[in-house]
């Protein structure tokens, strides 16, 4: 059972401990008290102000695992704090919520400062956990998928629409990189892991994947430049920088363009571009 009073106190304490600068928000001259406002936390967690306020009062509903995970990300909780939050909310940890779904607070702090840049946090299975607004405008909302389709690797080999954002001449190399990336994840995680389940599903559903998998490709250290085909902005030539966390389970992927180029000018237009204009379901892989 959820401990509503303890949950409310924990949320309130974490909200008051966070400063606007911690989450990439301006402090503003009229802010007289420390900590974040309830409406700011609700926006960070992608939930209504009323829902969050009722959790803090406490008179809210029994929060689901998905809502608790959103709270953990929005409040920049450590993994231990995230687990405590789930216990207060009446859910078990860690088996009922995968650890690779919790964005590292350090990653979140960096992502908060990239609001004008296409950037995203992915786990080692190619599942996007968080995107900046320009990344949504470039790639579509790739956090919205469920099941196996959460993985960019799975979508690349099973959903033809996922390839529309990349030039046809680059598909073969992208396929090899996708398989190599998953091969590395499967090697690290072992035969009974989620990575192995994903490999088994792809071997069953994609002959292209199966053919490349038999060659056991290995991923190199470099991340080559990427060319994207955007429906409104045309061709974007971008460089891909990747920051990997210490346990290799998450990566921060940042796309930049060379200053002075047409791509650099157009990438800056992604920030105000409404997300719904990016119709392609794309692959933010390596």
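The values are calculated or read from the model by the stated rules, or taken from the named source; none is laboratory data. Model, not experiment: these values are computed from the prediction. All Cβ positions, even for glycine, are placed from backbone atoms using ideal geometry, and neighbour counts span all protein chains on display.
Could you identify the single residue in 27, 31 that is modelled with pLDDT under 90, surrounded by 12 or more Cβ atoms within 10 Å (Cβ to Cβ) and either under 23 Å from the mean Cα position of the chain (by Cα) or not in a helix (DSSP H, G or I) (or both)?
Values: 27 fails: surrounded by 12 or more Cβ atoms within 10 Å (Cβ to Cβ).
Going through 27, 31 in turn, just one is modelled with pLDDT under 90, surrounded by 12 or more Cβ atoms within 10 Å (Cβ to Cβ) and either under 23 Å from the mean Cα position of the chain (by Cα) or not in a helix (DSSP H, G or I) (or both): 31.
Just need a number here: residues in segment 226-244 that are surrounded by 14 or more Cβ atoms within 10 Å (Cβ to Cβ) and in contact with a strand residue (DSSP E or B) (Cβ under 7 Å, 6 or more places away or on another chain).
Going through segment 226-244, the residues surrounded by 14 or more Cβ atoms within 10 Å (Cβ to Cβ) turn out to be 226-230, 233, 236-240, 243.
Imposing the further condition that a residue be in contact with a strand residue (DSSP E or B) (Cβ under 7 Å, 6 or more places away or on another chain) reduces the set to 226-230, 236-240, 243.
Qualifying residue count, segment 226-244: 11.
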#### Entry: Residue identified as in a helix (DSSP H, G or I), within 25 Å of residue 254 (Cα to Cα) and out of contact with any strand residue (DSSP E or B) (no Cβ under 8 Å at 6 or more places or on another chain) among 209, 157
157
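Determine, yes or no, whether residue 195 is in contact with a strand residue (DSSP E or B) (Cβ under 9 Å, 6 or more places away or on another chain), crowded, with 19+ Cβ neighbours inside 10 Å and in contact (Cβ under 8 Å) with a residue 12 or more places away in the chain.
Numbers: in contact with a strand residue (DSSP E or B) (Cβ under 9 Å, 6 or more places away or on another chain): no; crowded, with 19+ Cβ neighbours inside 10 Å: yes; in contact (Cβ under 8 Å) with a residue 12 or more places away in the chain: yes.
Here the answer is no, as residue 195 does not meet what is asked.
Only one residue in 184, 169 is surrounded by fewer than 13 Cβ atoms within 10 Å (Cβ to Cβ) and either in the same structural domain as residue 151 (by TED's automatic domain parsing) or touching a strand residue (DSSP E or B) at 6+ places or on another chain (Cβ under 6 Å) (or both), so which one is that? Explain how you work it out, then say what you get.
Details: 184 fails: surrounded by fewer than 13 Cβ atoms within 10 Å (Cβ to Cβ).
Within the list 184, 169, the selection yields 169.
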### Task
Check off (1) at pLDDT 90 or above; (2) within 24 Å of residue 250 (Cα to Cα); (3) surrounded by fewer than 19 Cβ atoms within 10 Å (Cβ to Cβ); (4) touching a helix residue (DSSP H, G or I) at 6+ places or on another chain (Cβ under 6 Å) for residue 43 and give me the number that stays unchecked.
(4)
